[in-house]
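First up is the structure itself, then whatever we jot down about it.
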Amino acid sequence: MPGSAAVLQGCNSSVYGWLPSGENGDGRWYRLGEHGAEPVSAEEVGPSLYKGAGYNKLHLDLDGGRTLLKWQLSDRQVVIMEADGSLSRIPLSYKGGGTSLSPLYGGPDGILYGTSNHPLHLFTYDTTAGRLTDWGGDIVERGGGGNIAAYAAQGNIIVGAAYAGGLVHLLDTAKDWNTEEGPCRNPRLIYENAAVHRPRCAAAHPDGRHVLYGGFPGYGAAGGGLGIVDVLAGQVEMLEHLEIVSGQSTISLAALPDGRVFGGTSIETPGGGISKAGEAAMYELSWPDRKVIRRWVPIQGAKEIAQLAPGVNGVLYGLTSESIFFVYDADLQQVVHRSDLSSWGRIVRQGLLMTEREGRPFLLGLLSRALFTVNPVNMQPELLDRLPAEATSGIACLNGDVYFGSFAELWRYRLEEEGNYVYESV
């Protein structure tokens, strides 16, 4: 059954459980005890012994009329309302290893964007000034315990798709950031849909107006949707998995310069659903009518077509979850090259990027232990360098420098003037 269960410890010493019973948010309460679960009405469920919501539902009421208003370890403070209405802010001091970084994005303004995972803190890195800024968690509406997992941009506007709940945010890089509620908020939440509860990919369409994104569905479900964001209108159209590849989730996307859209799927169900699919697929989406016109299996036995990047002359580059690199010719409708790159490491999220070098298209590939490119003549992958630290999230290229995440650290791969590559932690 799709949805999430809950357990509540009541002030009356009873323990209650809630189970979903439908796809519309309906559910049923039970009183839990040594003899099992007894159905009860919602009116019979006593108030919770705990306060707060979501990831903050961990504390009791305070004594003496004091109320705990806010606590967040990542913000390093606790806010308490005293009995007389005054506020006390208690700083928290601790040392920790930090939380891992989500995929990175090189913005149209030349700024590097990213978030941390659980809790979400949005950060930027000004590559020119060498300035790293942590904007905290409140800058993103309902950021909470999630992360922004996929980005694409049209003009000055970055589209970010976030876990949990499939939240779509717009960040206008040409305007000041604004956390006040209303149409001037920047970044601004415009949409949510659990059909893409765990976003994994995004791609800008060459029409200059739309961004597509995909990912896994909510808890207990199999098959994620495909969202199409109209950046100018601030609206989203959602295609269900039955319209794309039934029972599978779109986790990679590529749009060719001529407007053709291709997606890669996963048969996995990280939210606990039951997968009935045997191997991952690719599909071609007819852009004018939003219809899938072809579905096929590019790599036999692959569980995920985890990465896609558009090339030139109808070529697509891909990586499976088993680190199989392949080249697909969309005009010939066939795989024209494949290589096993597992000796270079595991895949990382957003590990393929088509960029430019010396005015020519240049593919960057990132695996957990290596950075690579591809020879455009024979399509053979070529190792650029072994990594000094394990890569866990990819990949952005700004001013000729390549950025990737290694757990909680941001790393830069820099080409010096004499032509030697060096790594450094930012």
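Things worth noting here:
- Identification of strands (runs of 3 or more DSSP E) wholly contained in the range 3-97 with 1 or more residues that are basic (Lys, Arg) and at negative phi yields 27-33, 67-72, 87-91.
- Here Gly215, Gly271, Gly223 are screened, and the one residue that is under 30 Å from Leu19 (Cα atoms), surrounded by 19 or more Cβ atoms within 10 Å (Cβ to Cβ) and modelled with pLDDT under 95 is Gly271.
- Checking each residue in the range 115-154 for being open to solvent by 30 Å² or more (accessible area, probe 1.4 Å), in contact (Cβ under 8 Å) with a residue 40 or more places away in the chain and part of a strand (DSSP E or B) picks out only Leu132.
- Phe407 meets the conditions (1) among the aromatic types (Phe, Trp, Tyr); (2) on the phi > 0 side of the Ramachandran plot; (3) open to solvent by less than 50 Å² (accessible area, probe 1.4 Å) in every case but one. The failed one is (3).
- Residue list for the range 309-335, filter: farther than 23 Å from Ser286 by Cβ and either open to solvent by 10 Å² or more (accessible area, probe 1.4 Å) or more than 25 Å from the chain's Cα centre (by Cα) (or both): Ser321, Glu322, Ile324
- Top-ranked residue of the range 344-367 - restricted to ones that are open to solvent by 10 Å² or more (accessible area, probe 1.4 Å) and assigned to a loop (DSSP other than H, G, I, E, B), ranked as farthest from Ala202 (Cα to Cα): Glu358
- Residues in the range 11-55 that are touching a residue at least 24 places away in the same chain (Cβ under 8 Å), closer than 24 Å to Gln72 by Cα, in contact with a strand residue (DSSP E or B) (Cβ under 9 Å, 6 or more places away or on another chain) and small (Gly, Ala, Ser): Ser48 alone.
- For first residues located in the range 327-353 and closer than 19 Å to Ile293 by Cβ, partners that are open to solvent by 30 Å² or more (accessible area, probe 1.4 Å) and in a strand (DSSP E or B) and lie 6+ apart or on another chain with Cβ distances below 7 Å form the pairs Tyr328/Val335; Asp329/Val336.
The values are calculated or read from the model by the stated rules, or taken from the named source; none is laboratory data. Keep in mind the model is a prediction, meaning the values are calculated, not measured. Cβ: placed from backbone, ideal geometry, glycine included. Neighbour counts: every protein chain shown. Ligands, DNA and RNA are stripped out before the accessible areas are found, and what is left, the full protein with its side chains, is counted by its heavy atoms. Shrake-Rupley method; radii C 1.70, N 1.55, O 1.52, S 1.80 Å.
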